[in-house]
1. Out of the stretch 106-128, which residues are open to solvent by 50 Å² or more (accessible area, probe 1.4 Å) and in contact with a Leu (Cβ under 9 Å, 6 or more places away or on another chain)?
2. Within the stretch 251-263, identify whether any single residue is in contact with a Leu (Cβ under 6 Å, 6 or more places away or on another chain), in contact (Cβ under 8 Å) with a residue 12 or more places away in the chain and among the β-branched types (Val, Ile, Thr), and answer yes or no.
3. Could you run through the stretch 122-151 and say how many residues are within 17 Å of residue 57 (Cβ to Cβ) and in a helix (DSSP H, G or I)?
4. Checking residue 243 against (1) at pLDDT below 95; (2) polar (S, T, N, Q); (3) open to solvent by less than 10 Å² (accessible area, probe 1.4 Å), only one condition comes out false. Which one?
5. So if I check each of 26, 38, which one is of a type in the set (S, T, N, Q), within 20 Å of the chain's Cα centre (by Cα) and more than 17 Å from residue 78 (Cβ to Cβ)?
6. Within the bounds of the stretch 253-260, is there any residue that is of a type in the set (A, V, I, L, M, F, W, C), surrounded by fewer than 24 Cβ atoms within 10 Å (Cβ to Cβ) and modelled with pLDDT of 95 or more?
Amino acid sequence: MKNHRPAVRPEPRLPIQLLALDIDGTIVDHDFRISDRTVAAIRGAVERGVRVSLATGRMPSSAVLYANRLGLTEPIIGHQGAIVRAMPAHRAPPLPDDPAPTFRGRVGRILHHEGLAPAVVREAIEWCRANGLDPHVNDREHIVVWRDDPSFEDYSGYLGPDAEIVPDLAGAIDRPMTKVISVGEPPRPRELYPVAQAYFAGRADATLSHPRFLEFVAPGVSKGKAVAWLAHRAGIPMAQVMTIGDAFNDIEMIGDAGHGAAMGTAPTAVRLAGRYIAPPVGEDGSAALIEQLILAPPDEAEANMARLTAEAAAIQAELRVAQAAAAQG
């Protein structure tokens, strides 16, 4: 995948032509449900001709159930951008209720996959264990997990019929893998995040997708790179791309898009990357942005863009003051 990420974020332009949405913490909350308002807003964007893709740390086979619920047809970005898959040609009907994370669905062909070298996968596994984290490995739509993993029960529902349960996780890695994901109790993953970034620099990129999950992907892999690739593929300038996310693994796509937005519950660094700051997922923050910037009449959308930019700038100024005060002790 050629890197089409912009050197600097472009000035936003309307109309928005591509919308990339994180799932957890952005369009679904802890109950794994998408609100009726959010469904209506996203479907409204699709009806207006906006290309809408989900960009998630999940497997595409998990994300596809939400895509079906939303009536999406654009490719799914999975595993932090390490894989991009088309929607299946023949889709199952959406579930009557929003799917739990244990459910998996049919996915389409792989458009791009960038795996992590096996030697680095093995090293990441051992590094995580040495630092008190419990790692397992994703290979496209499959999970490779150590039989005696202390966190086995935490994600046993995700395993599905294609899981590979092995007696020696590092010893089982003999081919490139999509990502390594390690589980730990907060704040340990957050504390180790910059350490992992520095230690694996040039060999793997570390990111945080959740306060409990520290993950490793191939160097250069990110949701931002994948979104920029989809935009280039569709002939859409990044100035007319909207992205919405809530975690460290969303920073690149938020910072690259002309209309990059962070959820109000996101960590400080993520909110500082956004042009806009959305209300929390429990208040349908993603739906509110879509309504104001995509579904509103053109003149109203322009006014909303200016207002939302100013509101975010005010919040970010307060965040920087708080950061400076904290740095001074």
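The values are calculated or read from the model by the stated rules, or taken from the named source; none is laboratory data. A quick note: this is a predicted structure, and the numbers were derived from the prediction, not measured. Heads up, the Cβs are rebuilt from the backbone with ideal geometry, glycines too, and the neighbour counts pull from every protein chain shown. With ligands, DNA and RNA removed, areas are computed over all heavy atoms of the protein, side chains included. Shrake-Rupley method; radii C 1.70, N 1.55, O 1.52, S 1.80 Å.
1. 122
2. no
3. Selection size over the stretch 122-151: 2.
4. Result: residue 243 passes all but (1).
5. On inspection, the qualifying residue turns out to be 38.
6. Checking the stretch 253-260: not a single residue is of a type in the set (A, V, I, L, M, F, W, C), surrounded by fewer than 24 Cβ atoms within 10 Å (Cβ to Cβ) and modelled with pLDDT of 95 or more.
Every residue, every condition in (1) acidic (Asp, Glu); (2) touching a strand residue (DSSP E or B) at 6+ places or on another chain (Cβ under 8 Å); (3) under 17 Å from residue 309 (Cβ atoms), yes or no:
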position	(1), (2), (3)
254	no, yes, yes
264	no, yes, yes
268	no, no, no
274	no, yes, yes
281	no, yes, no
287	no, no, no
293	no, yes, yes
